[in-house]
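Working notes, structure below.
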Amino acid sequence: MAKRDAIAIIPARGGSKRIPRKNIKDFFGKPLIAYSIQAALESNIFEKIIVTTDDEEIAKIAREYGAEVPFLRPKELSGDFTGTQDVIDHALEYFENQGENYKYICTIYATAPLLQASYLIEGFKKLEESDAINAFSATTMPFPIQRTFKLDDNGRCKMFTPEHYMTRSQDLEEVYQDAGQFYWSKLNKKSDKIMFDTDSIPIILPRHLVQDIDTLEDWDRAELMYKVIQEQKKTMTNILFRTDSSSTIGTGHIMRDLVLAKEFKDSKIVFATQELDGNINHKIIEAGYQLLTLKSNDKNELLELVKNLNTDLLIIDNYDIDYKFERFIKENSGVKILSFDDTYEQHHCDILLNHNISADKTKYKDLVPENCELRCGGKYTLLRDEFRVEKQKSREKIYDIFIAMGGADTANLNIKILEVLEKNLKVALVTTKANKHLKELQNYVKNKKNISLFVNSNEVAKLINQSKLAIITPSVTVNEVHYLGVEFIAIKTADNQDEIYNYLKDKKRLVVEKFNQEELKNQIKKIIAKEFELINFIDLSKEEKLMVLSWRNDKNIRKWMLTQDIITQENHLNYIESLSSKKNKIYFLVKRNSNPIGVIDLTNINYDDKNAEIGLYTNPALKGIGSFLMQEIINYGFNVLNMKTLISKVFSENYRAIKLYKKFDFKEMSIEKDMIIMELKNENR
């Protein structure tokens, strides 16, 4: 954040009546106000944290715990009926007179021992990114208010909303209440509405972190809640992430680490990073995690940190930390180590994680300790929640091309790629502030209406889902684009991408080993103009797999199959699963303009003799589709697999199929029982 953007103000008068000296009353070994001050400090988002009070003792204690008390407020602003807003206005006027102006203010109550820094951060971020004027802490009601009642003068019940007497609780609308912990506001905007209205964003806290403290009964309940929380913390796992980001390293390490961190829901998580040029360390703070800055990548500095934090699990995601470094940490601390790896390097760790779709655990033989747990492949892919949510949504394809060459674009390819594209193509390009070429890129796209530049976007999944084609690097981005089912071209920009590049190349996916504008231009033209999409069976969603099964089991389809029995769902899904390990057969669902129209397959693929058997069947609900499927299977067989001969076996009574094959110049070669063997040679087309 920029200097003097945000100030935290904690009102704390000395004249509490129901609980005398409440604001500094001992609460588990610390004065109550200390918890609010420490949460504000831990959030690391305030330029200044002040306590406004009329009491010298409160002022002294506030300073001891890290707050500033630049003045004592006058007695006329310290009475029982003084409003909080008057106290805040007085403090802001003081700073204005000092020449200090702020964009954001957060009023934090001194009686909030359950306050968490992460919710202060969430409130700030949501306010900063929206047109709202306020953001405040809230929580759900513990019971439906629609079922509440009052007592009349005779002590009898009278419901507020008797029409809901018979309504089930789960059918009643969820309602919320003020949590009374913090209130964010924009100081450069004014609202004529109350706090609990449309100009405000509620930050929803779990009920176990909310307790008003107005009475001694409230105090006792807050102590019980705090004690339970602290007991839970004793059993928490302490996890330390060691990672870095910069204009040279890129941003991918921290981004995937933040995804992994979410999986440790009941753990104390700390990140340790260096302050390198172009880093995105702010993302860690924004996610609500503690960030510690390292002076260097020194093994002794990390070892000391591991010990001081009583670390149970050290997660290393850093190419500059090698086997010897890991072994030193392990032997001198005994800490459990999880190491990320993308390039089959030697590691001294307890768990190795390679979450790339290309990962092969057999390649780690002799590279890790014998008892090391290997987590390799697509089932360990780290996907942000936004991708899992987006997977369920059907978006209009408003962009022709999505471009993501890494958050830092270390190869500086963004502009070169844009120069290749036709001006009529709509482009969504994402990058981050870690990109040292950002200003040059911004100037390039400035007057180009067909290009939308997104910097530090939180809607990457949505942008991918709205695009027809993605141009990316063969990196973890492949996992994301592949997951959303968007066709892509992967351009290799670094040696550590070799593994995924070779994997994609073997899978006949579109890859570019070294950037070439003419080659890229030709590939894009083919794809953008392409009406049909082939989806490998192993990449189908479960819904699509079952749809294909229903086609296959249709009586008008299976009667022309070699196996005419109805296939069970279990056998069908198992067969598709087996295809991932078979190189001699491949099945595709064919879509035309995103609509599924049929299935094509190539089996008994002989890469030496360059021939393959082919088959196809249509969506039973459609007619006139056969020619489209035939075009696609011929194109794939000859142009992608580089086959010389395609072979088909057709029932002699399947006249429509025979007619279709002959239309595409297949020749009858022989007859085997009731089957006609037909061939098409590439040289005869």
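The values are calculated or read from the model by the stated rules, or taken from the named source; none is laboratory data. None of the values given here were measured: they were computed from a predicted structure. Glycine also receives a Cβ, built like all others from the backbone with ideal geometry; neighbour counts cover every protein chain displayed. All accessible areas refer to the heavy atoms of the entire protein, side chains included, with ligands and DNA or RNA removed. Shrake-Rupley method; radii C 1.70, N 1.55, O 1.52, S 1.80 Å.
Counting only strands (runs of 3 or more DSSP E) that sit wholly inside segment 303-362, those with at least 1 residues that are open to solvent by 10 Å² or more (accessible area, probe 1.4 Å) and more than 26 Å from residue 497 (Cβ to Cβ) are 313-317, 336-340.
Consider segment 446-471 and keep the residues that are surrounded by fewer than 22 Cβ atoms within 10 Å (Cβ to Cβ) and in a strand (DSSP E or B). The one that is modelled with the lowest pLDDT is 468. Out of curiosity, is residue 489 open to solvent by less than 70 Å² (accessible area, probe 1.4 Å), touching a strand residue (DSSP E or B) at 6+ places or on another chain (Cβ under 8 Å) and outside any helix (DSSP H, G or I)? Yes, satisfied.
Hey, can you tell me all the residues within segment 544-570 that are open to solvent by 90 Å² or more (accessible area, probe 1.4 Å) and under 17 Å from residue 603 (Cβ atoms)? If the condition is that a residue be open to solvent by 90 Å² or more (accessible area, probe 1.4 Å) and under 17 Å from residue 603 (Cβ atoms), then 562 is the only one that fits.
Which of the strands (runs of 3 or more DSSP E) found entirely inside segment 143-223 contain at least 3 residues meeting this: open to solvent by less than 90 Å² (accessible area, probe 1.4 Å) and over 21 Å from residue 22 (Cα atoms)? Before you say what the answer is, go through the steps one by one.
On the way: elements: 149-151, 157-159, 176-186, 200-205.
Ranges flagged: 176-186, 200-205.
Is there a residue being under 39 Å from the mean Cα position of the chain (by Cα) and of a type in the set (Asp, Glu) anywhere in segment 588-602? There is at least one residue in segment 588-602 that is under 39 Å from the mean Cα position of the chain (by Cα) and of a type in the set (Asp, Glu). Can you say whether residue 40 is within 40 Å of the chain's Cα centre (by Cα) and open to solvent by less than 30 Å² (accessible area, probe 1.4 Å), as far as the supplied structure shows? The answer is yes for residue 40. Does any residue in segment 659-685 that is on the phi > 0 side of the Ramachandran plot come within less than 9 Å, Cβ to Cβ, of a residue that is hydroxyl-bearing (Ser, Thr, Tyr) and open to solvent by less than 90 Å² (accessible area, probe 1.4 Å) six or more places away or on a different chain, and which pairs are these? Taking only residues 6 or more apart or on different chains, the pairs are 673/652. Do we find a residue being under 40 Å from the mean Cα position of the chain (by Cα), under 19 Å from residue 135 (Cα atoms) and crowded, with 20+ Cβ neighbours inside 10 Å anywhere in segment 63-85? No, there is no match, as no residue in segment 63-85 is under 40 Å from the mean Cα position of the chain (by Cα), under 19 Å from residue 135 (Cα atoms) and crowded, with 20+ Cβ neighbours inside 10 Å. Of all the listed residues (136, 27), the sole one being crowded, with 19+ Cβ neighbours inside 10 Å and under 30 Å from residue 172 (Cβ atoms) is 136. Selection of segment 224-275 for residues being at pLDDT 90 or above and among the polar types (S, T, N, Q) yields 238, 243, 245, 246, 273, 274.
When you check residue 237 against the structure, is it among the β-branched types (Val, Ile, Thr) and loosely packed, with under 11 Cβ neighbours inside 10 Å, yes or no? No. Inspect all residues belonging to segment 12-20 and state whether any of them is hydrophobic (A, V, I, L, M, F, W, C), open to solvent by 30 Å² or more (accessible area, probe 1.4 Å) and at pLDDT below 95. No, segment 12-20 contains no residue that is hydrophobic (A, V, I, L, M, F, W, C), open to solvent by 30 Å² or more (accessible area, probe 1.4 Å) and at pLDDT below 95.
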